Amino acid sequence: MKIAEYLRCEPDIQWEYARQIGIKYAVGRMPDGHMEETAESFELLKKMKEKYEDGGFKLAVIEPAPLNQNIKFGRPNRDVEIERMCSLIIHMGMLGIEVLCYNFMAHFGWLRTSRNIPERGGALVTGYRHSDIDHSQLTEDGILTKESLWENFLYLQEAIVPVAEQAGVRLALHPDDPPVDSIQQIGRILTSNDAMEKAVNLVPSPNMGITMCQGSFCAMGENILETIKKFGKMGKLNFVHFRDISGTKHDFHETFHDNGMTDMAQCILAYKEIGYDGYVRVDHVPTLAGEDNDNPGYCNLGRLFAVGYLKGLYEMSQKELAHERIV
Ligand SMILES: [Mn+2]
């Protein structure tokens, strides 16, 4: 596996840290407020790629996709958004940007009800408690059923999967986070191992796969090792988010990477076993002492710890002797 870091598209201190801790690959985020034009313009995406290269990183993954709520709700103007996604995929192919990480969460993206839960030593993490939300209250988007979501997802897949195949880009579908049935009567469908399997096979293609967001699968209650092996053996692992939680889908909080429910060392060995050679990035991390908590999940110190931990496990997994000892 290749260890990447999620880096905003303007050089900042995270870029410096990433260089210093030996990261060579970037998961790039198109500029906020300009995602749409960047997706539509080959020139802008090319410039973005070159900026990462100038910083010492190969831009390997784009996350997330540009605006796509109309697609998710199946609104009449969804085709504009679909066309834009297709342009992005075609441009990515031309520029050698290998993977697009996208999701199919409508209205609510990754959602938390708390952003300052104390974890080890008082480090702050985010959490979700389903009962903290009044689910009888509708949002301005009203009701969205799971059936509609599946139909709308199929409509999207029929459009983008052949384009991705043609462009040589891999699609990495992210599961829902939190993986609950619905939030304020907005349905959610990518909430189990089976649902993810169904989703990647709706429009079959070797280019279609998943983002193995370990924290999301963990919240589903799925066995993470089996999930890695299952999708790995199907050739459907296109990207990995390395993250952990504690709790259940209806009540969980995030954790340090060495302090959650999952045996992370065994996960890395499972990726090795299935021969995963794609990209992995650490996902949400705790906010540590002295850091402001304005951007929970994405502060610097926790990332440094998490990347170091991931690099250590990865290096161990590459040594056969260590492999025998751990297993
Ligand atoms: Mn994730």
_Boolean, S192 is surrounded by fewer than 20 Cβ atoms within 10 Å (Cβ to Cβ), touching a helix residue (DSSP H, G or I) at 6+ places or on another chain (Cβ under 7 Å) and either over 15 Å from V280 (Cα atoms) or of a type in the set (F, W, Y) (or both)_ = yes
*Determine the pairs where a residue that is under 13 Å from F231 (Cα atoms) and open to solvent by 10 Å² or more (accessible area, probe 1.4 Å), located within region 272-287, has a partner that is within 13 Å of the ligand (Cβ to nearest atom) and in a strand (DSSP E or B) with Cβ atoms under 8 Å apart, the partner being 6 or more residues away or on another chain.*
Y276/V240
*Give the residues of region 272-296 that are more than 16 Å from the ligand (Cβ to nearest atom) and within 21 Å of M220 (Cβ to Cβ), sorted by residue number.*
I274, Y276
*Conditions (1) in contact (Cβ under 8 Å) with a residue 12 or more places away in the chain; (2) not in a helix (DSSP H, G or I): number failed by D32*: (1)
*asked:* Which numbered condition in (1) more than 16 Å from the ligand (Cβ to nearest atom); (2) open to solvent by less than 40 Å² (accessible area, probe 1.4 Å); (3) touching a helix residue (DSSP H, G or I) at 6+ places or on another chain (Cβ under 8 Å); (4) hydrophobic (A, V, I, L, M, F, W, C) is the only one that V240 fails?
replied: (1)
*In this structure, is F108 within 16 Å of the ligand (Cβ to nearest atom) and either over 30 Å from L288 (Cβ atoms) or of a type in the set (D, E) (or both)?*
no
*Which residues, counting only those in region 175-191, are in a loop (DSSP other than H, G, I, E, B) and either hydrophobic (A, V, I, L, M, F, W, C) or within 16 Å of the ligand (Cβ to nearest atom) (or both)?*
P175, D176, D177, P178, P179, V180, R188, I189, L190, T191
*Do you know which residues across region 47-66 are more than 20 Å from the chain's Cα centre (by Cα), among the basic types (K, R) and open to solvent by less than 70 Å² (accessible area, probe 1.4 Å)?*
none
*Just a yes or no: is a residue in region 254-269 within 15 Å of the ligand (Cβ to nearest atom), hydroxyl-bearing (S, T, Y) and surrounded by fewer than 23 Cβ atoms within 10 Å (Cβ to Cβ)?*
yes
_Can you pull out every residue in region 67-84 that is over 17 Å from the mean Cα position of the chain (by Cα) and surrounded by 16 or more Cβ atoms within 10 Å (Cβ to Cβ)?_
N70, I71, K72, F73, G74, R78, E81, I82, R84
*Given the conditions (1) in contact (Cβ under 8 Å) with a residue 12 or more places away in the chain; (2) under 20 Å from the mean Cα position of the chain (by Cα); (3) under 25 Å from N116 (Cβ atoms), report the number of the one that N295 does not fulfil.*
(1)
*Counting only residues that are away from the ligand (no atom under 16 Å from the Cβ), in a helix (DSSP H, G or I) and closer than 21 Å to E273 by Cα, which one in region 195-236 is most open to solvent (accessible area, probe 1.4 Å)?*
K233
*Are any of the residues in region 106-113 charged (D, E, K, R) and surrounded by fewer than 16 Cβ atoms within 10 Å (Cβ to Cβ)?*
no
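The values are calculated or read from the model by the stated rules, or taken from the named source; none is laboratory data. As the structure is a prediction and not an experimental result, all values here were calculated from the model. All Cβ positions, glycine included, derive from the backbone under ideal geometry; neighbour counts span all protein chains shown. Please note that ligands, DNA and RNA were not included when accessible areas were found on the heavy atoms of the full protein model with its side chains. Shrake-Rupley method; radii C 1.70, N 1.55, O 1.52, S 1.80 Å.
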